[in-house]
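Nothing in this text is a laboratory measurement; each read-out follows from the coordinates by a stated rule. In this text the structure is predicted, and so the values were computed from the model without any measurement. Cβ placement follows ideal geometry from the backbone for every residue including glycine, while neighbour counts extend to all protein chains displayed.
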Amino acid sequence: MARKKSKMTLAAKNAVAGYLFILPFIIGFIMFLVIPLFQSLRMSVSEVTINPLAGGFTMDFVKFANFNEALNIDPQFKVLLIENLRTMILDLPATLIFSFFVALLLNQSFKGRGFVRAIFFMPVILSSGVIVGLEFNNALLKDMKDVIADTSNASSITTVLQDMLVAESSQAGDMFQYVFDLIDSVYDIAIRSGIQIIIFLSGLQTISVSMFEAAKIEGCTAWECFWKITLPMVSSLILVNIIYTIIDFFCRSDNEVMEYISQTMIGSLQYDLSAAMAWIYFVCCMAIIGIISLIISKKVYYYE
Amino acid sequence: MSKKNGKWQAFMERNRKSGGYLLRKKIFNFVYVICRAILIFGLCFLIVQPLLNKISLSFMEEKDLYDSTIVNIPRNFTTVGYKLTSQLMHYWKALGTTTYISLLVSVFQVAAATLVGYGFARYKFPLRNFWFFMVILVIIVPPQTIMAPLYLNFTYFNPLGIIKLVTGGKTLNLTNTMLPYMLLCLGCMGLKSGLYIYLIRQFFRNVPKDIEEAAYVDGCGKFKTFYRIMLPDAKPIITSCFLFAFVWQWTDKFYSRMFLRGYTLLSTELNGLSASLDDFVKGAGIAEKASQAYSGAIVATGTLMTIIPLLIIYVFAQKGFVESLSQSGIKM
């Protein structure tokens with residue numbers, strides 16, 4: 001045995017060691033991802049009957065009946081799905097711009113920078129999982145806001161501005177409405193962009209200072225520096241952040257579509273239907289990620 | 001006074017020589033710093049405000065909630081809300097269980113992720129890129145896609161037909177134990193496991209190879225090199241991943257609801273808090289249902305009580321969260 005081992009080349013030994021190290025992943029991947037994924041694909045095209053007495057469940061092939069039910073018969077799913085994807089696409093640029101802006105801000109040196117960074121990063125820890133869902137339907141905060149607005153009886157500059165701008169011509173009005181919606185949801189965007197800020201920040205810190213110095217000596221203004229140095233140097237991280245934002249969006253616990261899918265499964269025990277819904281959602285998200293990364297990766301400047 | 005005057009004169013002299021540029025620059029910088037400070041303060045306030053709001057709500061008496069003249073500072077300071085919430089949430093029991101399970105889960109997850117991440121970073125083996133692409137796939141695939149079959153498989157646990165042979169036609173129901181979830185964590189399929197693998201691999205890739213080679217030359221075995229030489233070096237990233245795993249598991253709802261239903265966890269208790277408050281109010285015969293404002297205040301108290309341990313961890317280990325993550329040099 002020992003002799004046989006010594007005959008192995010170094011590369012082969014390394015290969016064996018490498019596979020031993022990643023063995024937990026391979027086992028877990030096959031057991032808990034590949035097999036369930038295929039099963040879920042099979043479930044989505046069959047009718048699942050739970051049969052506890054026979055010790056398990058059976059699947060009968062029914063073609064695309066489940067997909068049909070999810071998209072055409074189920075009253076809520078399609079509406080939720082479209083609304084959800086729309087929100088995702090609209091929120092994406094806002095999250096990116098906000099996190100990039102904050103990262104630029106936090107990359108400058110000022111007093112108490114560590115403290116401010118800590119605050120911006122806090123939502124990653126505190127607003128995760130169950131807390132996000134609760135935050136969302138916190139009707140009390142809304143009530144209080146209304147009460148304050150009623151009692152103070154003052155109209156702010158933004159509301160007046162909003163009334164003026166949104167009421168204008170239809171297309172420009174829509175654009176302004178989008179901007180105002182974003183301003184209203186700046187809190188949601190802020191608590192969602194913790195990780196993105198860190199990613200951008202780490203990118204900004206890797207840009208060498210000498211590049212900026214050289215540009216400054218050549219007479220580059222800060223504005224030009226931003227467009228010609230900062231943005232290209234972090235452009236590869238934009239793609240990372242886009243993918244992270246999308247994944248984060250559909251893994252978040254207050255995602256209505258996911259909530260609905262879970263309800264279908266745990267609440268009404270329709271395993272087949274929920275599998276079909278999950279697949280539809282998954283494919284939509286994959287398509288969005290694919291299209292966006294195709295577009296972005298052509299314009300990205302990679303560096304090592 | 002004269003010294004100050006002298007300074008000012010010298011400044012004006014320099015300003016005159018630069019053709020007004022110096023003064024403009026100074027004023028511009030000053031205005032910029034002020035604007036930035038206001039902006040940063042505003043954004044920080046935006047993030048902290050809900051927390052402060054919850055703190056003030058949690059100390060209010062019920063009648064304070066309906067009084068529109070009370071906005072932030074409670075007039076009737078009380079801790080009744082805390083007592084009621086801890087009773088409704090079974091707080092101490094849930095706290096103990098949550099700590100125990102989060103610790104267990106994060107240790108398993110990070111141990112598995114460290115091994116795998118090290119393997120990916122340091123060894124060349126056939127199909128390495130393929131397997132790494134699979135790690136990315138794990139990050140991308142939402143757990144909801146596979147949860148239905150996963151759940152059924154664990155409800156009727158029967159790997160390769162072994163259990164059926166032993167028990168004679170019966171399958172095991174594992175959904176009331178924590179075994180399925182622990183298996184998932186060990187197999188790198190737990191909550192955000194793929195992300196930890198990615199981060200740890202990124203870290204190990206940036207460690208210089210010389211140390212390792214020196215160890216090999218001195219006759220250190222492969223696994224020994226890993227845990228005697230490389231592991232101590234990787235402490236920051238492992239701590240960071242451990243903290244993330246711990247915190248995310250603490251607040252996780254999805255996996256807890258699926259696999260840990262037999263346990264009193266803070267996240268699930270918090271999720272059902274307003275319902276149990278309704279039951280409590282009904283049982284006490286006060287009203288049919290708790291009012292919306294009161295239930296909101298109690299939920300705020302419960303949220304605070306859930307995140308207080310996390311806040312304490314964050315205050316002490318803030319560097320562990322942020323710094324190592326930005327040092328890992330995330331690149332695609």
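Quick notes on this one:
- For peptide B:39-50, the mean count of partner chain Cβ atoms within 10 Å of a residue's Cβ comes to 5.
- Pairs of Lys residues in segment B:41-156, spaced 8 or more positions apart or belonging to different chains, with C-alpha separations under 29 angstrom: 5 in total.
- Farthest towards the positive end of the charge dipole of segment B:237-313, among the residues B:S295, B:L311, B:L265, is the Cα of B:L265, using unit charges on the Cβ of Lys, Arg, Asp and Glu.
- Listed cross-link partners A:K216/B:K17; A:K216/B:K7; A:K216/B:K25; A:K111/B:K26 are compared with a 24 Å cut-off, the Cα-Cα value being larger for A:K216/B:K7.
- Net charge dipole size for the protein assembly as shown [Lys, Arg +1 and Asp, Glu -1 on Cβ; Debye, nearest 20]: 3260
- Considering only B:S193, B:T97, A:Y178, the residue lying farthest towards the positive end of the dipole of the protein assembly as shown is B:S193, judged by Cα position with unit charges set on Cβ.
- Separation of the A:E218 and B:Y66 label points, Cα + 7 Å toward Cβ, nm: 7.1
- Among A:Q108, B:L174, B:C35 - extreme Cα towards positive end, dipole of the protein assembly as shown, charges at beta-carbon: A:Q108
- For A:S46, residues with placed amide H under 5 Å, excluding near neighbours: A:V62
- Charge sum, other residues only, whose C-beta stays under 13 Å from B:I298's C-beta, Lys/Arg counted +1 and Asp/Glu -1: -2
- Per-residue ellipticity at 222 nm, computed for the protein assembly as shown from helices alone with -39500 (n - 2.57) per DSSP H run of at least four residues, works out to -23000 deg cm²/dmol.
- Panel order for B:V105, A:V45, by other beta carbons found within 10 Å of each beta carbon, from fewest to most: A:V45, B:V105.
- Peptide A:186-192 - average C-beta neighbours from other chains (10 Å radius): 2
- Listed from fewest to most Cβ neighbours within 10 Å, the set B:Y21, A:Y244 follows the order B:Y21, A:Y244.
- Dipole magnitude for segment B:1-138: computed about the Cα centre from +1 point charges on Lys and Arg Cβ and -1 point charges on Asp and Glu Cβ, it is near 1360 debye.
- Axial C-alpha extent at least 15 Å, average Kyte-Doolittle at least -1.0 - helices from chain B (DSSP): B:21-58, B:91-122, B:128-140, B:143-155, B:193-206, B:235-251, B:273-284, B:292-316
- Residue-wise HN-Hα couplings along segment A:197-209, as the Karplus relation 6.51 cos²θ - 1.76 cosθ + 1.60 with θ = phi - 60° gives them from phi, are 4, 4, 4, 4, 4, 5, x, 5, 6, 7, 6, 6, 5 Hz; Gly and Pro carry x.
- Residue order for B:Y263, B:Y118, fewest other beta carbons within 10 angstrom first, comes to B:Y263, B:Y118.
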